[in-house]
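As structure tokens, the structure follows; a few thoughts come after it.
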């Protein structure tokens, strides 16, 4: 199944037929992701494969791929960040214990109807793949020189006060 539109899905039904959904989502349609992007242009490619594991847990293999323009936290200039992430999601029932899920699965709790939307699922996986602090490499960051100057000036010199005392008592 190919999809370009946000849609409500029932992973349990899709797993029974071992279905897959492949599609694209425009980055500017992801409301929570917009807040971390410097540029909302582009799209995200995704693939969702539904199945059951040997113990009967409904699983989703989620693959996402995109290029984001984020803000470097050191120089505040644009930074290209490639995302290519594959995750294995395990479905848990509403209010169920996480301990019942195998450790290799990320938990996914569905609503009361056993449904979720493709857009919510993909956006959550995208947000989880973005680091908290994005930085250019030191040799390519415009803020490195400024940072070095700040660090030199901010060096704590614990005995600098003693020099004043010693020089004043001559």
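The values are calculated or read from the model by the stated rules, or taken from the named source; none is laboratory data. In this text, all values refer to a predicted model and were calculated from it rather than measured experimentally. Here Cβ is always computed from backbone atoms with ideal geometry, including for glycine, and neighbour counts include all displayed protein chains.
When residues in the stretch 89-118 are screened for being at pLDDT below 80, more than 13 Å from residue 58 (Cα to Cα) and part of a helix (DSSP H, G or I), 2 of them pass.
Per-residue answers, yes or no, for (1) over 22 Å from the mean Cα position of the chain (by Cα); (2) touching a residue at least 40 places away in the same chain (Cβ under 8 Å); (3) exposed (fewer than 14 other Cβ atoms within 10 Å of the Cβ):
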{"position": "17", "(1), (2), (3)": "yes, no, yes"}
{"position": "45", "(1), (2), (3)": "no, no, no"}
{"position": "66", "(1), (2), (3)": "no, yes, no"}
{"position": "71", "(1), (2), (3)": "no, yes, no"}
{"position": "74", "(1), (2), (3)": "no, yes, no"}
{"position": "82", "(1), (2), (3)": "no, no, yes"}
{"position": "90", "(1), (2), (3)": "no, no, no"}
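Listed by first and then second residue, the pairs linking a residue in the stretch 118-141 that is at negative phi and in contact (Cβ under 8 Å) with a residue 40 or more places away in the chain to a residue that is surrounded by 18 or more Cβ atoms within 10 Å (Cβ to Cβ) and in a helix (DSSP H, G or I), with Cβ atoms under 8 Å apart and 6 or more places separating them unless they lie on different chains, are 123/33; 126/33; 127/33.
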